[in-house]
Structure formats: C-alpha cells, structure tokens
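S.K.: Below are the structure tokens for one structure; questions will follow.
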Ligand code: NDP
C-alpha cells in the first residue's frame, strides 16, 4: 500500500468536489506522523453553499418513493462493499487503526447501515385512527436538512450511520468529519452519487469546531446529529436548542463490565480485551471499568496477562498487526497523563504503561489492578488503551458502583446464572447493554446513551423516530358544528 490519499478536493458539495477555504488542514498517518495529504478548512461561504445545496435538493428527494430512495441506498451499500479494501486502507491511513480491523468494522458497518435503512425506506409510514365516522391518519415526514458531525475514531462508519437513516426518511445532509480524519466521508459522498443519489443530497465540508458551530446554528438546519465528547455535546445541544432543532447526541462513556465468579474466564478476558484495546481503546462504548468478583480476580488477571502476550503492535497496514497507534500526538499525551495519575493515586500497574519511542503515536495496552471508584482513571473517560480492574463482593454492591457515574452509554455482565444476568442488565443505567459479550453493535439494534452519554438512538428502527416527524391529518366525514 502506498500512501497516496490526497483527495480530488477538500469538500463535496452539490454532487461534486469543491476546493476552497484558506486555512490548511494537514492529514497525518498516525503510525509515522507523516503528513499524507493537505486539505482546506471550509469558510463560512462554503458552509452556506453546502446548506443551500442540501436545502434545494431536499423536496425532490423526499418526493421520491421509499422504494426509489431505498434502491439508491442499497446500491451505495453494494459499491461500498466492492471497494471495501480501498476504503479500509484509506481509513487505516487516516486513523492508524490496523487494517485487520478496518477491513471488517468500518466501511463494512457503513454498508450494513446503507443496506438496512435502504430496506426500511419503503416501509415507513403512519397509522390510521378511526374516530367514529371521522378518522385521522398520520404521515411520517422528513425533517429537512440534517447536519451530521463526526468523531475521529470511526469516520466512515459514523458518516454512514447518520446519512443512511437521514436519507432513507427523505432528508438531505451536510456532514462535517472530525478535522483529524477528514478523508473517508468524501468517499461516501462519491459513492452515493455513483449509486444515483441526486446532487446535494449528501454534502461534506471540512472544518473544526467553528465550522461545526456554524452548521449547528444555521437557520435552514432542522436536525443535528453529533458523535463526540460530552463537553462538545453540551455545547452543540445548547446551540441547537436555540432554534428548537431536533438532536441526536452520541457522546462519551465510562462503561462498566461486570464479571461474576461463575463466569467463563476465557470469554470474560476476551470481552475485556475487545472492550479496552480494540481500536487502541478509542471506542466510546468501551468497558473501561472492569469489575471482577473477588473469587475470580486472580484467574482473570493471570489469563489477561497471558493473552496480552498476543499483542502484535506494528505498522497498521500489515494485516497480521492487531494493535495500532493512537490517532494523534494529543491523544497519546492525554493517555500518558491518565497513566501518571493512576500511578500517583495508587493503582497497581500490571501491564504496559509506556509510550513506544520513535515516530508516530504509540501507547502500549495498559492494565491497572486494585483500582478504586474515586481514582481519576475510574471516573473519567480516557479514550485510549487503559483498562482499570476493580474488585467487588456482592451483586447489590457492584450494581450501585457500576451506576455511580454521570455517564450511561453502555454496560456488560458476564455470568452463567441466567436470572442474575437479566436482573443485572435491568438495573444498569445505560443505553446499550450486553450479556456474556461486549461491544457488538450490529445495525439492526438501537445504539445510544443514557444520562450524560447522549440523547436519541442510532441504528435499528428506533433511528427512524429521530430523522422524521409525524403530521396528523384529521378528516371530517360530516358537517362542521359551531357554537354560533
Ligand atoms: P469531540 O467532542 O472533540 O469532537 C466531535 C466533533 O465535534 C468533531 O467533529 C469536532 O470538530 C466537532 N466540534 C467541536 N466543537 C464543536 C462545536 N462547538 N460545535 C460543533 N461541532 C464541534 O470528540 P472527538 O472527535 O475527540 O471524539 C472522541 C469523543 O467522541 C469521545 O468522548 C467518545 O466517547 C465520543 N464518541 C462517542 C460515540 C458514540 O456513539 N456515543 C462514538 C465515538 C466517539 P473537530 O474535532 O474537527 O474540532
């Protein structure tokens, strides 16, 4: 694979690549720190141009039948699958995630969303309500122009998870990728055009927070869907509220993974590895507080240490590599800061903890044991490869401790006691939960957070509710009465 990823132009507006903006946006390959492309940040005129294109395209797009819109989305899913390797290689260069991962989890998941919502498009509708002789019905209508704003950890997946339900419902979209990973959303825009989407239905503008803020407050925008951190979510939610815009907020987490004594240790260790080290730990729903019941703690830590010998850290373009760099220098530094705090506050380092010297942004998979609830590493989202293992005695105790956080994105439980498994997940204050697995998020099931971790749901039929609204139509069959 050669590193040649400079796109035709920085933005994609009204069906074509558009160059513009003044400030440079360098794109860095996280494994080496090398600049592999240079784009431009959009200026206000470009943002307005993208929104105008989306606004102009929306009525005709919504006027197509669901079957027609769905056919275009499903064709886009096919093209995405045909180009999976090329898209995965691009994503690996942009994010640093191992090709072993991007080949199965990024564009592939985006294609699933396009296929799933393409299939649902023709089924959308309202209901009929009989009112004696009169009746009413509801029409499910598009919201209008939607804005999507993405994080850097799953760029094409996030773009597709937002575009697919939005477009299926008859909306159009302007998407702003994270400035750290601007490349693959442009490919989604290209693919949608190739699949037959009219110009203006899906547009991409590059930019940082300022561009995001302009998009969110634009008077022609009806809905904002953000994937990002809680602090950004609060700002964006507040800005969107000023115009009473609809929102979906997919934010951060500090999710618990609870492992009882009777669990299958091997599976529990696998889940803890997936839920802390996949994508070098840069996953919102990660189970970063691993609560292990005391009777199984030593067995768990022993097997975890053995399994960590299987880490193959290296050039993420090598398909044998299973652990890549972090996305940026800034992110490595954040993680280093948390590791220092963990040590200072008395957590026991049992694996990793060191930055790998040399070019690029490398951090070893790191495990702390004997972590307590009030340590900083147990309270704050780190967004890196740092697992905290905490001990517990009883079910009641662990549920209270698992829920004692402002976050509520996800939670998991490992036990072979069927009744306990369901009892525990029922008490988790979290939007997405797992029994005897962790971090599986197929498009068919709703995904999202409770408490500070978010508002609304992506994926599943539930996403339709967040990209459409109902219009009620009352139909009188007789005369109209009035008091005078
Ligand atoms: P940030 O919150 O820093 O940024 C998210 C996006 O919002 C970026 O595109 C950013 O632009 C943009 N942005 C920043 N400020 C504003 C603003 N004032 N108005 C509008 N847009 C703005 O998150 P990261 O990119 O660092 O991603 C990591 C975070 O995302 C973690 O907290 C993680 O948990 C969360 N996340 C949540 C997921 C979920 O589904 N719940 C999934 C993946 C990640 P730019 O960065 O270009 O400045």
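The values are calculated or read from the model by the stated rules, or taken from the named source; none is laboratory data. Small disclaimer: the values here were computed from a predicted structure and weren't measured. Positions of Cβ are generated from backbone atoms using ideal geometry, with glycine treated the same way; all protein chains shown enter the neighbour counts.
Okay, residues lined up against (1) within 22 Å of residue 71 (Cβ to Cβ); (2) in contact with a helix residue (DSSP H, G or I) (Cβ under 6 Å, 6 or more places away or on another chain); (3) within 10 Å of the ligand (Cβ to nearest atom):
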position: 135; (1), (2), (3): no, no, no
position: 142; (1), (2), (3): yes, yes, no
position: 157; (1), (2), (3): no, yes, yes
position: 162; (1), (2), (3): yes, no, no
position: 171; (1), (2), (3): yes, no, no
position: 183; (1), (2), (3): no, yes, no
position: 191; (1), (2), (3): yes, yes, no
position: 195; (1), (2), (3): yes, yes, no
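S.K.: Another question, if that's okay. Say whether the condition of being touching a residue at least 12 places away in the same chain (Cβ under 8 Å) and either within 28 Å of residue 166 (Cα to Cα) or assigned by the TED database to the domain that holds residue 108 (or both) is met by at least one residue in the stretch 412-425.
M.R.: There is no residue in the stretch 412-425 that is touching a residue at least 12 places away in the same chain (Cβ under 8 Å) and either within 28 Å of residue 166 (Cα to Cα) or assigned by the TED database to the domain that holds residue 108 (or both).
S.K.: Please count how many residues of the stretch 286-297 are out of contact with any helix residue (DSSP H, G or I) (no Cβ under 8 Å at 6 or more places or on another chain) and within 13 Å of the ligand (Cβ to nearest atom).
M.R.: As a first pass, look at the stretch 286-297 and keep what is out of contact with any helix residue (DSSP H, G or I) (no Cβ under 8 Å at 6 or more places or on another chain): 294-295, 297.
When the remaining residues are screened for being within 13 Å of the ligand (Cβ to nearest atom), the result is none.
Here the count works out to 0.
S.K.: Another question, then. It is to be established whether one or more residues within the stretch 460-473 are within 15 Å of the chain's Cα centre (by Cα) and either surrounded by 17 or more Cβ atoms within 10 Å (Cβ to Cβ) or modelled with pLDDT of 95 or more (or both). Step through it out loud before you land on a result.
M.R.: Narrowing the stretch 460-473 to residues within 15 Å of the chain's Cα centre (by Cα): 460, 463.
Add one more test, that the residue is either surrounded by 17 or more Cβ atoms within 10 Å (Cβ to Cβ) or modelled with pLDDT of 95 or more (or both), and what stays is 460, 463.
Scanning the stretch 460-473 turns up at least one residue that is within 15 Å of the chain's Cα centre (by Cα) and either surrounded by 17 or more Cβ atoms within 10 Å (Cβ to Cβ) or modelled with pLDDT of 95 or more (or both).
S.K.: Residue 327: in a loop (DSSP other than H, G, I, E, B) and modelled with pLDDT of 95 or more, yes or no? Let's see the steps before the verdict.
M.R.: Numbers: in a loop (DSSP other than H, G, I, E, B): yes; modelled with pLDDT of 95 or more: yes.
Taking the combined requirement at face value, the residue satisfies it.
S.K.: Further question: Got a number for residues in the stretch 212-226 being at pLDDT 95 or above, part of a helix (DSSP H, G or I) and within 8 Å of the ligand (Cβ to nearest atom)?
M.R.: Matching residues across the stretch 212-226 total 2.
S.K.: Restricting to the stretch 34-80, what's the tally of residues that are in a helix (DSSP H, G or I) and closer than 24 Å to residue 10 by Cα?
M.R.: To start, the set of residues in the stretch 34-80 that are in a helix (DSSP H, G or I) comprises 44-63, 66-80.
Applying the additional criterion that residues be closer than 24 Å to residue 10 by Cα yields 44-58, 73, 76-77, 79-80.
Qualifying residue count for the region: 20.
S.K.: Which numbered condition in (1) free of Cβ contacts under 8 Å to residues at least 40 places away in the same chain; (2) under 25 Å from residue 298 (Cα atoms); (3) more than 16 Å from the ligand (Cβ to nearest atom) is the only one that residue 398 fails?
M.R.: Among (1) free of Cβ contacts under 8 Å to residues at least 40 places away in the same chain; (2) under 25 Å from residue 298 (Cα atoms); (3) more than 16 Å from the ligand (Cβ to nearest atom), the lone unmet condition for residue 398 is (1).
S.K.: Which residue pairs have Cβ atoms under 6 Å apart, sit 6 or more places apart or on different chains, and have a first residue in the stretch 147-164 that is in contact (Cβ under 8 Å) with a residue 60 or more places away in the chain and within 17 Å of residue 216 (Cβ to Cβ) and a second that is more than 6 Å from the ligand (Cβ to nearest atom) and assigned to a loop (DSSP other than H, G, I, E, B)?
M.R.: The qualifying pairs are 150/177.
S.K.: With respect to residue 78, determine if the residue is outside the structural domain of residue 326 (by the TED database) and surrounded by fewer than 18 Cβ atoms within 10 Å (Cβ to Cβ). Walk me through it before giving the result.
M.R.: On the way: outside the structural domain of residue 326 (by the TED database): yes; surrounded by fewer than 18 Cβ atoms within 10 Å (Cβ to Cβ): yes.
The answer is yes for residue 78.
S.K.: Which of the residues that make up the stretch 41-53 are surrounded by fewer than 23 Cβ atoms within 10 Å (Cβ to Cβ) and touching a strand residue (DSSP E or B) at 6+ places or on another chain (Cβ under 6 Å)?
M.R.: The initial filter retains those residues of the stretch 41-53 that are surrounded by fewer than 23 Cβ atoms within 10 Å (Cβ to Cβ), namely 41, 43-45, 48-49, 52.
41, 49, listed by residue number.
S.K.: Assigned to a helix (DSSP H, G or I) and under 30 Å from residue 298 (Cβ atoms) - does that describe any residue in the stretch 247-265? Write out each step before concluding.
M.R.: Step one: of the stretch 247-265, the residues assigned to a helix (DSSP H, G or I) are 265.
Now restrict to residues that are under 30 Å from residue 298 (Cβ atoms): 265.
Yes, the conditions are met somewhere in the stretch 247-265.
S.K.: Need the failing condition index for residue 279 against (1) out of contact with any helix residue (DSSP H, G or I) (no Cβ under 7 Å at 6 or more places or on another chain); (2) within 13 Å of the ligand (Cβ to nearest atom); (3) not in a loop (DSSP other than H, G, I, E, B), just the number.
M.R.: Looking at each condition in turn, residue 279 falls short on (1).
Results for (1) surrounded by fewer than 21 Cβ atoms within 10 Å (Cβ to Cβ); (2) more than 29 Å from residue 401 (Cα to Cα); (3) free of Cβ contacts under 8 Å to residues at least 24 places away in the same chain, shown as yes or no for each residue.
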site	(1), (2), (3)
285	no, no, no
289	no, no, no
292	no, no, no
305	yes, no, no
322	yes, yes, no
325	no, yes, no
335	no, no, no
344	yes, no, yes
349	yes, no, yes
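S.K.: Here's another thing I want to ask about it. Please work out which one of (1) outside any helix (DSSP H, G or I); (2) farther than 23 Å from residue 252 by Cα; (3) in contact with a strand residue (DSSP E or B) (Cβ under 8 Å, 6 or more places away or on another chain) is the condition residue 284 fails and give its number.
M.R.: Going through (1) outside any helix (DSSP H, G or I); (2) farther than 23 Å from residue 252 by Cα; (3) in contact with a strand residue (DSSP E or B) (Cβ under 8 Å, 6 or more places away or on another chain) one by one, residue 284 breaks only (2).
S.K.: Would you kindly identify the strands (runs of 3 or more DSSP E) lying entirely within the stretch 359-450 that contain at least 3 residues that are within 15 Å of residue 254 (Cβ to Cβ) and within 16 Å of the chain's Cα centre (by Cα)?
M.R.: Values: elements: 366-369, 386-392, 410-414, 432-435.
Because the criterion is at least 3 residues that are within 15 Å of residue 254 (Cβ to Cβ) and within 16 Å of the chain's Cα centre (by Cα), no strands (runs of 3 or more DSSP E) in the stretch 359-450 meet it.
S.K.: Go through 67, 28, 35 for me and flag whichever is farther than 30 Å from residue 320 by Cβ and either surrounded by fewer than 19 Cβ atoms within 10 Å (Cβ to Cβ) or in the same structural domain as residue 171 (by the TED database) (or both). Let's see the steps before the verdict.
M.R.: On the way: 28 fails: farther than 30 Å from residue 320 by Cβ; 35 fails: farther than 30 Å from residue 320 by Cβ.
Selected residue: 67, the only one of 67, 28, 35 that is farther than 30 Å from residue 320 by Cβ and either surrounded by fewer than 19 Cβ atoms within 10 Å (Cβ to Cβ) or in the same structural domain as residue 171 (by the TED database) (or both).
S.K.: While we're looking at this one, here's another question. Failed condition for residue 413, given (1) more than 22 Å from residue 278 (Cβ to Cβ); (2) modelled with pLDDT of 95 or more; (3) more than 16 Å from the ligand (Cβ to nearest atom), with all others met?
M.R.: (1)
S.K.: Might you let me know whether the stretch 227-244 holds any residue that is more than 12 Å from the ligand (Cβ to nearest atom), under 30 Å from residue 414 (Cβ atoms) and buried (at least 18 other Cβ atoms within 10 Å of the Cβ)?
M.R.: Going residue by residue through the stretch 227-244, those that are more than 12 Å from the ligand (Cβ to nearest atom) are 241-244.
Right, trim to under 30 Å from residue 414 (Cβ atoms) and you get none.
The answer is no; no qualifying residue exists.
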